[in-house]
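What follows draws every value from the coordinates through simple rules; no lab data is involved. Because the structure is predicted, anything quoted here is derived from the model rather than measured. Quick reminder, even Gly has a Cβ in these numbers, built from the backbone with ideal geometry, and neighbours come from all protein chains shown.
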C-alpha cells in the first residue's frame, strides 16, 4: 500500500491535500439534506413523504436525499463515475456524517419490507464504465437497511442532459421510455426503494416509478445520494 501511495499519491479533490481524495476539512463542505418536502406540492413533509392528497396512481410515494447537491459533491460524483470509482468511494463513505446515518436509520423504520433497486445504466454505459455508481450506493445503504436487493429494471436508452432542455414537457418526453421491466420480473404488490446518485428534477426516478407502478408495484420510495 505504501508503494502504491508513493507511485500514485492521493490528492484531495477539494484542496489538493496529500493523502486522501476527500480530506476532513473539505468533507465539511458536504451538507446533510434536511429540506424534507413533498415532491409534488413542495410543502414540508417528514422524510419527503408524498402527501396523501398529492399521491396519484403512478406517483412517487416519497423522495429524499442524503446530501445537498453542491459544487463539491458534484465534483466527487463526477470523479467516482469517470475516474477512480472504488478508491474515491471508499474515502467518501469513511467520512459520512453521523446525522446522515441517522436519516438512513429513520428510513429503515418505513422501508423495512421494501426491496432496494439501484437505477440501472444502459448496457453500453455499463461496459464503458465497468460499474454502476448507484449499485455502489445501494450496497453501502444496505449495510444499514438489510433489504432484499432487486434487479427489475432495464435501461434501454440514455437521456439528453435535462439542463439543455427548456420546457417541463420537453424534459418529460426526454425520459419517456428509457426504462423497461426485465422479462419475467415480478413486481406486483412489491414495495421498492429506488436508489440513484443524483436527483435534481426527478424526471429519471419518476419514469422508473411509472414503469414499476404500471406493472403492479404498490409503493416506490426514492433515496438519492445527492438531492438538488
Ranked on Cβ counts within 10 Å of their own Cβ, fewest leading, 197, 99 go 99, 197
Distance in nm between pseudo-label sites at residue 143 and residue 56 (7 Å out along the Cβ direction from Cα): 4.0 nm
Taking the 0 to 90 degree range and rounding to the nearest ten, how far is the long axis of helix 85-94 tilted relative to the main principal axis of the chain, both from C-alpha atoms? 90 degrees
Rank-order 62-69, 16-23 by packing density, defined as the average count of other C-beta atoms within 10 Å over each peptide's residues, highest first. 62-69, 16-23
Where both partners of a DSSP beta bridge lie in the chain, what percent of those bridges are antiparallel, to the nearest 5? 25 percent
Among 212, 49, 101, whose mean-square fluctuation peaks in a Gaussian network model of the chain (Cα, cutoff 10 Å)? 101
Taking the chain as a Gaussian network, Cα atoms linked when under 10 Å apart, which of 150, 130, 53 shows the biggest mean-square fluctuation? 53
Contour minus end-to-end for residue 90 and residue 108, with contour as 0.36 nm per residue of separation and end-to-end as the Cα-Cα distance? 4.2 nm
Cα-based helix-to-principal-axis angle, 203-214 vs the chain, degrees rounded to 10: 40 degrees
Would you mind checking the tilt of helix 71-82 against the longest principal axis of the Cα atoms of the chain, expressed as 0 to 90 degrees and rounded to 10? 90 degrees
For segment 98-131 and segment 204-228, distance of Cα centres in Å: 12 Å
Residue 47 versus residue 74: modelled label distance in nm, points set 7 Å from Cα along the beta carbon direction: 3.0 nm
Could you give the length gained on full extension between residue 201 and residue 176, defined as 0.36 nm per residue of separation minus the Cα-Cα distance, in nm? 7.6 nm
